[in-house]
Amino acid sequence: MELDLFDTPSPKPEEPRVFTVTEITRAVRATLEENVGVVWVEGEVSNYRRQSSGHQYFTLKDAGGQLACVLFARAGAWRKEVPLSDGMQVLVRGAMTVYEARGQYQLNVQLVQAGGAGLLYAKFEALKRKLEAEGLFDSGRKRPLPRFPSTVAIVTSPTGAALRDMLNVLARRAPCLRVIVYPVRVQGEGAAQEIAAAIEKLNRFDSHGLPVVDVVVVARGGGSVEDLWAFNEEVVARAIAGSALPVVSAVGHEIDFTIADFVADLRAPTPSAAAEMIILDCAELRQHLEHLGSHLRRLFAAEIGRGRSRLDLLKSGALFREPRTRLDEAAQQTDAASEALRRIAAERLRETRRCVADRLATLRQHRPDQMLALLRQHFATLRRQVFERASRTATQCRQRFDAAVTLLRVLAPESILERGFTMTMRPDGTVISSAATVNKGDALVTRFRDGTVQSTVESGTAL
């Protein structure tokens with residue numbers, strides 16, 4: 001917003017426009033709110049005051065200036081309260097405005113964080129939530145390390161103590177292990193990009209003339225949050241997540257956690273611990289192998305002893321003492337069984353042929369074709385007799401049914417009513433068959449041919 005302090009509504013150019021203080025103050029306020037708006041400001045707290053209303057007033061200052069700030073109780077920025085005090089370094093977020101009553105520009109604070117490390121922590125948590133939502137921290141995508149790696153690549157500073165510690169541990173535990181050191185910067189501007197590029201190149205070892213790598217270790221020694229920040233950058237996290245090789249994160253001390261720790265396949269509390277975790281101690285392995293060798297030798301010796309005992313037992317048996325006699329006996333038994341089998345088979349064949357001849361003679365004697373013709377004729381006669389008997393039975397049944405229907409019509413109550421008779425009943429349908437059962441006052445229902453009549457007994461005498 002531009003403000004022309006010399007806008008002259010009067011046609012006389014020599015007469016400047018006169019503004020009120022309120023107009024000027026509101027114009028400045030509008031300019032700040034529209035052109036500056038919401039900003040982040042870092043500085044040192046001074047002149048801190050907290051009113052009984054809950055509003056807090058303070059000044060942010062640095063070496064070159066100061067800024068009045070107010071945090072209203074309704075702002076809600078103190079759900080996770082950062083207790084303010086004079087001399088404290090903070091990072092605040094708020095909207096620039098003007099307090100018109102004093103003509104003083106100020107920052108209406110909405111959010112307060114501890115300066116320096118607090119901002120880094122906020123960035124750390126934001127990236128952590130983002131990558132966790134994408135599934136980069138899921139345990140299901142983490143791969144186990146090879147049990148016996150032959151080549152390990154270490155991505156770290158070539159001059160750091162972390163590298164020396166790891167090399168000492170690896171030389172002691174596995175002198176035959178091949179170690180590739182990929183030198184990178186581990187802090188400062190551009191360090192994250194170098195670390196990510198190293199991981200990507202190690203995954204393409206064949207195109208860069210590198211040996212086959214089994215495990216990649218990303219390492220650096222301890223330090224402040226700022227010193228370790230390269231391992232909290234998104235580019236490093238995505239390079240680790242996209243690595244086809246297993247990646248071990250060994251950054252800082254045991255209490256330090258970085259984004260790389262959450263994404264890596266394995267997190268080591270220190271670089272030295274990483275060296276112990278990725279490779280077995282050759283001395284311990286040799287001792288273990290010797291123990292296994294001794295155990296196998298004992299097992300083999302025991303098995304050989306049991307085999308010799310079984311062999312001695314077999315040698316003492318009759319089969320080994322008289323092998324020719326047993327074989328001759330077995331041959332004779334086989335010949336006898338073969339002869340008996342041939343004799344039985346020939347006898348069974350002769351008996352079967354004799355039985356077949358007898359059956360054929362019997363079949364020719366009885367002439368089954370003539371028997372079938374006679375049976376068909378007999379069956380036709382039986383069928384005709386069955387149908388005739390069924391027809392006579394049906395006619396007789398129909399005649400008896402018609403007679404029963406005629407008798408029923410003659411004896412039915414409706415037929416009697418048609419001839420002029422009536423039928424007297426009680427209201428519940430009980431038929432009155434005797435006048436002696438009727439008393440004075442009883443309700444009666446008399447049924448005629450064409451309807452019913454209800455009546456009440458006034459008097460009567462059974463005759």
Inter-probe distance in nm under a simple model that places probes 7 Å from Cα toward Cβ, at residue 310 and residue 335: 3.6 nm
Cα-projected label distance for residue 298 with residue 262, points at 7 Å along beta-carbon direction, nm: 5.0 nm
The chain: angle of helix 191-203 to the longest principal axis, Cα-based, in degrees nearest 10: 40 degrees
Local net charge near residue 185, Cβ-Cβ under 13 Å (Lys/Arg +1, Asp/Glu -1): -3
Relative contact order of the range 108-231, pairs being alpha-carbon contacts under 8 Å that are 6 or more residues apart, as %: 31 percent
Fewest-first ranking of 312, 265, using other Cβ atoms within 10 Å as the exposure measure: 312, 265
Estimated FRET transfer efficiency (residue 387, residue 364; beta-carbon r; R0 35 Å; 0.05): 0.40
Separation of the residue 276 and residue 22 label points, Cα + 7 Å toward Cβ, nm: 7.6 nm
Value of relative contact order over the chain, rounded to a whole percent, pairs C-alpha under 8 Å and six or more apart: 8 percent
15 Å beta-carbon shell around residue 100, net charge (K/R +1, D/E -1): +1
Ascending count of other beta-carbon atoms within 10 Å, so fewest first, for 447, 306: 306, 447
Potential extension, residue 208-residue 403 segment - 0.36 nm per residue separation minus Cα distance: 58.4 nm
Cβ-defined net charge surrounding residue 274, 15 Å radius [Lys, Arg +1; Asp, Glu -1]: -3
The chain: angle of helix 323-366 to the longest principal axis, Cα-based, in degrees nearest 10: 50 degrees
Residue-span extension gain [residue 226 to residue 108] - 0.36 nm each, minus C-alpha spacing: 39.5 nm
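Readers should treat all values here as calculations from the given coordinates under stated rules, not as data from a laboratory. This structure is a prediction, so every number in the text was calculated from the model and none was measured. Virtual Cβ from ideal backbone geometry, glycine too; neighbours counted across all protein chains shown.
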